[in-house]
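Before any comments, here is the structure.
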């Protein structure tokens, strides 16, 4: 019997709700906790036929291959960067409480020491989409590359869904593999990964739409000689003539392709299946003064699979 899965990007959820209006209990900020729980419940109500799993980031193996990977996120050299660091610290204070609440709600949570949630999403997507459907619940566009015949990307922030049918409308290219190549050409400022140089997003999409792939382009130029190199713009000629650009592209593919052969095996893979306990979760909400949850508590928790089953048995 096939089973459908809802793979939830924990930090994508958490960071988004941490940017909401600040809420505090004593010295503890709680807006990410409150928003995460309410947002998650809303999604679970919508996708009741899917088994949810929350995926959390560990330390990324990519840093061992490229030391500057995401190094920009810890810099405080501008007022904006300082503000971002403060928000990050504020969010990190709340993460243990989010995980505790999810445990009381019986929500499975998965992490690995050396992997980001993206990597875990790729591993589980490839496993579960063979004989079931997968929804990727995240605001992270990197996960778009996992879209496939049984795999849908859902942006919970903007309430949009991407399948293979509307993939080109969303990304500008036809396939997930081409989407990765576009990113490798243009780079990713958010992850502090530079592009090959001279090619932005528009140019990268145009290049891939014209030639299909980087490998196809180089084959036509070098081996088939069906493209006159001299007739090309310099930014394209450089991809063949400048070895550093080819090296940068290969590096970026390794860093950005969530299915890269260079991805290591998970270290200390940990699945916390949770221990559903309505009384403990209720006490948790009482301590943090989540009164809107407490007001209709029994109905509120019934959306979560662990309590949905209990409600069905009691009916």
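The values are calculated or read from the model by the stated rules, or taken from the named source; none is laboratory data. Not measured: the values here are computed from a predicted model. Backbone-built Cβ (ideal geometry, glycine too); neighbour counts: all protein chains shown.
The residue of the range 12-30 that is farthest from the chain's Cα centre (by Cα), among those that are touching a residue at least 60 places away in the same chain (Cβ under 8 Å) and over 23 Å from residue 142 (Cβ atoms), is 25. Of the helices (runs of 4 or more DSSP H) lying entirely inside the range 1-84, those containing at least 1 residues that are at pLDDT below 95 and touching a helix residue (DSSP H, G or I) at 6+ places or on another chain (Cβ under 7 Å) span 62-65.
Quick check on residue 182: is it within 20 Å of the chain's Cα centre (by Cα), assigned by TED's automatic domain parsing to the domain that holds residue 232 and at negative phi? Against the criterion (within 20 Å of the chain's Cα centre (by Cα), assigned by TED's automatic domain parsing to the domain that holds residue 232 and at negative phi), residue 182 qualifies. The single condition among (1) part of a helix (DSSP H, G or I); (2) touching a residue at least 40 places away in the same chain (Cβ under 8 Å); (3) out of contact with any helix residue (DSSP H, G or I) (no Cβ under 7 Å at 6 or more places or on another chain); (4) farther than 22 Å from residue 188 by Cα that residue 300 does not satisfy is (3). Residue 267 meets the stated requirement of being at pLDDT 95 or above, within 29 Å of residue 50 (Cα to Cα), assigned by TED's automatic domain parsing to the domain that holds residue 57 and out of contact with any helix residue (DSSP H, G or I) (no Cβ under 8 Å at 6 or more places or on another chain). Of all residues in the range 156-185, exactly one satisfies the criterion of being exposed (fewer than 14 other Cβ atoms within 10 Å of the Cβ) and assigned to a helix (DSSP H, G or I), namely 169.
Might you check whether a residue that is surrounded by fewer than 14 Cβ atoms within 10 Å (Cβ to Cβ), at pLDDT below 95, in contact with a helix residue (DSSP H, G or I) (Cβ under 6 Å, 6 or more places away or on another chain) and not in a helix (DSSP H, G or I) occurs anywhere in the range 216-234? Checked the range 216-234: at least one residue is surrounded by fewer than 14 Cβ atoms within 10 Å (Cβ to Cβ), at pLDDT below 95, in contact with a helix residue (DSSP H, G or I) (Cβ under 6 Å, 6 or more places away or on another chain) and not in a helix (DSSP H, G or I). Among the residues of the range 257-277, is any on the phi < 0 side of the Ramachandran plot and assigned to a helix (DSSP H, G or I)? Within the range 257-277 (the criterion being on the phi < 0 side of the Ramachandran plot and assigned to a helix (DSSP H, G or I)), the answer is no, since none of the residues qualifies.
Being outside any strand (DSSP E or B) and under 15 Å from residue 122 (Cα atoms) holds for only one residue in 143, 153, and it is 143. Take the conditions surrounded by 20 or more Cβ atoms within 10 Å (Cβ to Cβ), touching a helix residue (DSSP H, G or I) at 6+ places or on another chain (Cβ under 7 Å) and either within 16 Å of residue 264 (Cβ to Cβ) or free of Cβ contacts under 8 Å to residues at least 24 places away in the same chain (or both) and apply them to residue 122. Does it pass? Yes; evaluated as a whole, the condition is true for this residue.
Could you look through the range 99-118, keep only residues that are outside any loop (DSSP other than H, G, I, E, B) and in contact with a strand residue (DSSP E or B) (Cβ under 9 Å, 6 or more places away or on another chain), and pick out the one that is surrounded by the fewest Cβ atoms within 10 Å (Cβ to Cβ)? Lay out the reasoning, then the answer.
Here is the first cut: in the range 99-118, the residues outside any loop (DSSP other than H, G, I, E, B) are 99-104, 109-111, 117-118.
Checking which are in contact with a strand residue (DSSP E or B) (Cβ under 9 Å, 6 or more places away or on another chain) leaves us with 99, 102-103, 109-111, 117-118.
On the way: 99: 18, 102: 23, 103: 20, 109: 20, 110: 23, 111: 21, 117: 24, 118: 23.
Selected residue: 99.
Residue 95 falls short on exactly one of the conditions (1) assigned to a helix (DSSP H, G or I); (2) over 20 Å from residue 304 (Cβ atoms); (3) modelled with pLDDT of 95 or more; (4) within 18 Å of the chain's Cα centre (by Cα), and that condition is (2). State the number of residues belonging to the range 186-215 that are within 24 Å of the chain's Cα centre (by Cα) and in a helix (DSSP H, G or I). Qualifying residue count, the range 186-215: 9.
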